[in-house]
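Working notes, structure below.
The values are calculated or read from the model by the stated rules, or taken from the named source; none is laboratory data. Not measured: the values here are computed from a predicted model. Here the Cβ positions follow ideal geometry from the backbone for every residue, glycine too, while neighbour counts run over all protein chains shown. The area values use the complete protein model at the heavy-atom level, side chains included, leaving out ligands, DNA and RNA. Shrake-Rupley method; radii C 1.70, N 1.55, O 1.52, S 1.80 Å.
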Amino acid sequence: DKADIGVTGLATMGRNLARNFAHHGYTVAVHNRTVSRTKEFMAEHGGEGAFLPADSIEEFVASLKRPRKAIIMVMAGSATDAVIEQLAAHMEPGDMIVDGGNAHFADTRRREAALRERGIHFVGTGISGGEEGALRGPSIMPGGSPEAYLELGPMLEDIAAKVDGTPCCVHVGPDGAGHFVKMVHNGIEYADMQLIAEAYDLLRQGLGATPAELAEIFREWNRGDLESYLIEITAEVLGHTDPATGSPFVDIVLDRAEQKGTGRWTVQSALDLGVPVTGIAEAVFARALSAHPEKRKAAATLAGPRGGRAAGGDTLVEDVRKALYASKIIAYAQGFDQIAAASREYGWDVNLGSLATIWRGGCIIRARFLDRIRAAYDADPSLPTLLVDPAFAEALADAQDAWRRVVSTAVTIGVPTPGFSSALAYYDALRRDRLPAALIQGMRDYFGAHTYRRVDREGAFHTDWSGDRAERPA
Ligand code: NBP
């Protein structure tokens, strides 16, 4: 008997994905470069379903039903290229290779093009939800050809998380679309976490609240607009006590945030596309700042504001909640803008509303909020920005006074809130009738004859700044 699907790479993710397929009744071929890991897997989980273990890649490919479907779950980078080469060497046209790792979308585009030449479908697939998600139902973002999705889609939808019976898996678009969207998902996750951290910091510094008290506030917030997995786990982490010292857990953790790189990739791509994703960028930079202890130590003596506490206790809690919600809307709107821009640039035709649907379950940014994004794109698929959707516009209008007070309070008491502040700046800039960009164009024309356009006439113009200051068409 042959396998419906195969998984190669049996570390944390691959192992759980293989089990998930088996739990759904599929026969799963399993393979790992180091054979002992496959044996270990079979010893621990072989009884959970129908597995066909293979010691060699050749045996692994031979054990798959045609057209063959093999999922690669190895460390992203050169290992992925090596495994693709080994698989492709034993495959035939029409077979499918799925890369479920966190590949950069440009690598996925390159790999897809190369395999397409050989008649093999390459399906770069974003998989979110970590270890638990892989086992119990991740959010799945497959790219690649529609033909490949016809074959693979039903199986992926089977093992994906379900929300209200709808699987958190849709065909995102061709070639690198799936991995791109997974990357932006991670970027949004960075922004979301940064905003939550700022809310915590501001309430702790501003009110002198304890982590346990703050855990209660987040638990309360999780019953309203902010309801989400990240708010839920924030309450858990803040409420936890370190067993060794009896201190709040959050106080014994080194305040240095690490990163694996998807946030940075998101910002790099946004720079290339010319899309402001200030929420994600500030989050990446805030992590980078936290990771420079020598600089922080040297700067610790610098002057700060005199006096510490913020005015208006209970109002501050509600104000921060609103500022967090408004800033979150901005961060998501920016992330969706970036996906829309990439979709235009690469011809992907991504359905933005469907992304909101597949992120409702299985992944780290799952939240009630995503239903509202879905509704916004359902009502108008060509929204120029999520912010102008009537429901979001109203939420922002409702939050803006509180948001402004929170940013002022933060500035006054010296608590850094780059996420809240930049989100508000983005909101105010986008709303503006006239931007000071006009002055920038003037300066560019002055020093570099870069020309400018006028508000009252077509064409490009240059002023002879060093001569008679006459204006000429450029
Ligand atoms: P790792 O990223 O830790 O990779 C370990 C696996 O890669 C092992 O099976 C290892 O085989 C294999 N491997 C390596 Br390393 N080099 C290889 C090579 N040259 N040829 C063949 N196999 C090679 O595993 P993971 O944490 O399970 O993640 C798998 C993928 O899923 C990654 O791309 C990751 O970014 C992505 N992802 C992870 C998470 C998460 O929460 N961990 C979430 C979402 C996505 P060996 O046993 O022989 O060393």
Query raised in the report: Sorting ARG431, ARG472 by accessible area (1.4 Å probe), largest first, what list results?
Result: ARG431, ARG472
Report summary line: Calc'd 3J(HN,Hα), the stretch 462-468, phi into Karplus 6.51 cos²θ - 1.76 cosθ + 1.60 (θ = phi - 60°), Hz, glycine/Pro = x, comes to 9, 9, 7, 4, 8, x, 8
Query raised in the report: Length gain on complete extension for the stretch SER290 to GLU92, per 0.36 nm per residue less the alpha carbon to alpha carbon distance?
Result: 66.3 nm
Query raised in the report: Mind checking the angle between helix 418-431 and the chain's longest principal axis? C-alpha axes, 0 to 90 degrees, to the nearest 10.
Result: 70
Query raised in the report: To two decimal places, what compactness ratio does the stretch 249-352 give when its Cα radius of gyration is scaled by 2.2 N^0.38 Å?
Result: 1.42
**Report entry** Accessible-area ranking of GLU189, GLU294, largest first, probe 1.4 Å
**Finding:** GLU294, GLU189
Query raised in the report: By per-residue mean of other Cβ atoms within 10 Å, what is the highest-first order of 180-188, 208-216?
Result: 180-188, 208-216
Report summary line: Extension length gain for ALA474 and ALA114 (0.36 nm per residue less Cα distance), in nm, is 125.1 nm
Requested in this report: Check each of the chymotrypsin sites (Phe, Trp or Tyr not before Pro) in the stretch 189-219 and keep only those in coil by DSSP with at most 12 other C-beta atoms within 10 angstrom; list them in order.
Outcome: none
Query - Residue-level accessible surface for SER343, protein heavy atoms, 1.4 Å, Å² - result: 10
Query - For peptides 21-31, 245-255, sequence by mean Cβ density within 10 Å, most packed first - result: 21-31, 245-255
Query raised in the report: Sorting LYS65, LYS328, LYS297, LYS322 by accessible area (1.4 Å probe), largest first, what list results?
Result: LYS297, LYS65, LYS322, LYS328
Query raised in the report: Using the Karplus equation 6.51 cos²θ - 1.76 cosθ + 1.60 (θ = phi - 60°), what ³J(HN,Hα) coupling, rounded to whole Hz, does each residue of the stretch 196-206 give in order, writing x for Gly and Pro?
Result: 5, 5, 5, 4, 4, 4, 5, 6, 5, 6, x
Report task. Two decimals is fine: what's Rg over Rh for the stretch 148-213, C-alpha atoms, Kirkwood radius as Rh? Result -> 1.25
Query raised in the report: Rg and Dmax of the chain over Cα atoms: what are they, in angstrom?
Result: 25.4, 87
Report summary line: Note to self, the chain gives a 222 nm [θ] from helices alone (DSSP H runs n ≥ 4, -39500 (n - 2.57) apiece, / all residues, nearest 500) of -18000 deg cm²/dmol
Report summary line: Quick calc: nm separation of the 7 Å Cα→Cβ label points for ALA43 and LYS260 -> 2.7
Report task. Compute the long axis of helix 211-221 from its Cα atoms, compare it with the longest principal axis of the Cα atoms of the chain, and write down the angle in degrees, 0 to 90, nearest 10. Result -> 80
Report task. Within the stretch 381-473, list the GluC sites (Glu not before Pro) lying in a DSSP loop whose Cβ has at most 13 other Cβ atoms in a 10 Å radius. Result -> GLU458
Requested in this report: Give the relative contact order (percent, whole number) for the chain; include only Cα pairs under 8 Å separated by 6+ residues.
Outcome: 12
**Report entry** Angle in degrees between helix 262-273 and the longest Cα principal axis of the chain, rounded to the nearest 10
**Finding:** 60
